[in-house]
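Notes to accompany the following structure.
FYI, it's all coordinate maths here, none of it is from the lab. Keep in mind that this is a model prediction, so the values were computed, not measured. Glycine also receives a Cβ, built like all others from the backbone with ideal geometry; neighbour counts cover every protein chain displayed.
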Amino acid sequence: MYSEEIRKYGFVNQTIPEGLNLAEEITKLKKKKNAVILAHYYVADDVQDIADFVGDSLALSQRAAETDADIILFAGVHFMAETAKILSPNKKVLLPDLNAGCSLADSCPATDFGEFIKNYPNHTVISYVNTTAEVKALSHIICTSSNAKQIVQSIPVEKPIVFGPDRNLGNWISRETGRDMVVWDGACHVHNEFSLERILDLKKQHPDALLISHPECQKPILEISDFVGSTASLIKYTHKNSSDKYIVATEPGVLHEMRKHSPDKIFIPAPGEDAECACNECQFMKQHNLEKVYNCLKYELPEIDLDESVSRKALKPITRMLEISAKFGL
Ligand code: 13P
Ligand code: SF4
């Protein structure tokens with residue numbers, strides 16, 4: 001009934017009665033439908049606040065694999081919801097707005113990646129979770145930024161590796177582990193665009209601040225960072241470290257969680273190239289809002305639907321990742 005609307009807008013575009021307390025209504029719907037809301041740290045603050053669980057991409061996939069809910073509403077980007085569906089094929093997985101894509105996943109079309117890896121038939125193919133289900137189905141093992149080092153180190157040293165699609169993360173892991181890898185030339189439009197010059201200016205203005213960065217940032221930024229890590233490890237670093245001030249080079253949605261844990265500390269979002277734009281924000285993650293979450297749960301649309309054979313093939317490398325992560329206590 002709403003398929004035309006979803007084709008047109010990417011979400012259920014039904015008017016919501018004025019004055020409705022959306023957070024309360026979403027909670028009621030969740031209970032009634034035995035649904036769970038999983039949210040990534042990059043989504044809007046009010047969407048994080050109504051979620052049952054907020055996490056980075058590894059923690060979210062672990063939760064999606066474990067949940068006994070009938071419906072998973074994923075407030076994150078498309079590949080994350082797809083991963084949840086692959087892990088829980090019998091559950092209904094909802095994404096409030098199908099426009100929540102990912103420029104990094106888009107930088108690696110499955111047909112091109114398939115041709116690329118044909119050149120490396122003896123290599124182990126490690127793909128970052130920020131890929132489509134089709135790319136995952138072509139891979140031997142998946143990783144996230146939280147476990148990429150351990151995943152690479154789990155491959156015997158004599159075995160060559162292809163890593164895709166993020167060149168900044170791949171090259172960072174290569175430097176960290178000493179493993180020479182063939183790296184696909186993809187990037188995230190948010191992390192790749194942080195301005196070194198403007199970060200150096202900020203460091204001058206705030207000499208007491210520590211610079212913390214996500215490994216999807218470019219090498220010159222990683223080299224001057226006090227700490228490099230996944231979204232979850234950046235958050236953890238700010239809890240544990242005694243510094244009161246941080247320049248944060250990742251999507252600024254993480255500041256919400258950082259401030260919750262450390263309300264007295266100062267967090268400065270790292271800037272992109274253009275002073276006027278909000279180009280350090282992931283516009284895909286910011287597609288979701290409470291209205292869309294409410295309609296999505298109410299109408300149980302849009303739903304993630306995957307080709308069964310792709311889903312089955314993609315499950316193997318994801319399961320391998322989860323098993324290795326569990327071994328390392330991640
Ligand atoms: P995390 O693995 O740190 O959650 O990162 C996901 C992501 O999309 C980074 O841009
Ligand atoms: Fe994709 Fe970049 Fe957005 Fe992460 S921040 S979801 S890599 S576009």
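P(r) tail for segment 208-330: Cα pairs beyond 21 Å make up 58% of the total. Relative contact order (percent) for segment 185-230, with alpha-carbon contacts under 8 angstrom and 6 or more residues of separation? Relative contact order of segment 185-230: 37 percent. Amide H contacts under 5 Å for residue 101: 78, restricted to partners 5 or more places along the chain or on a different chain, H placed in the peptide plane at 1.01 Å from N. Of the residues 136, 28, the one with the fewest other Cβ atoms within 10 Å heads the list, and the complete ranking is 28, 136. Here segment 179-311 is assigned +1 on the Cβ of each Lys and Arg and -1 on the Cβ of each Asp and Glu. Its dipole about the Cα centre then comes out at about 740 debye. Gyration tensor over the Cα atoms of segment 203-251: the corresponding equivalent ellipsoid has semi-axes (square roots of 5 times the eigenvalues, largest first) of 16, 15, 7 Å.
By the count of neighbouring beta-carbon atoms within 10 Å, fewest first, 226, 56 end up ordered 226, 56.
Both numbers refer to the Cα atoms of segment 1-134; Rg and Dmax are 17.0, 61 Å. Whole-Hz Karplus values for segment 224-236 come out as 9, 7, 7, 8, 10, x, 5, 3, 5, 6, 5, 4, 4 Hz, taken residue by residue from phi with 6.51 cos²θ - 1.76 cosθ + 1.60 and θ = phi - 60°; glycine and proline positions read x. If you build the convex hull over the alpha carbons only and average its shadow over all orientations, what do you get for segment 66-198? Give it in nm² to one decimal. For the Cα atoms of segment 66-198, the hull's average projected area reads 9.6 nm². If exposed means no more than 15 neighbouring beta carbons inside 10 Å and the site is in a DSSP loop, what's the longest run of the chain without any exposed GluC sites (Glu not before Pro)? Looking at the chain, 19-157 is the longest stretch - no exposed GluC sites (Glu not before Pro) with at most 15 other Cβ atoms within 10 Å. Measuring from centroid to centroid over Cα atoms, what is the spacing of segment 245-305 and segment 213-240 in Å? So the separation of the two Cα centres works out to 17 Å. With Cα atoms as the point set, the chain shows a radius of gyration and Dmax of 19.7, 63 Å. Measuring nothing but how far apart in sequence close Cα pairs (under 8 Å, 6+ apart) lie, relative to its length, the chain scores a relative contact order of 23 percent.
Pull out a ≥ b ≥ c, the square roots of the eigenvalues of the alpha-carbon gyration tensor of segment 1-72, then state rounded if a/c is under 1.5, prolate if not and a/b is larger than b/c, and oblate in the remaining case. It is prolate, given that a/c is not under 1.5 and a/b is the larger ratio.
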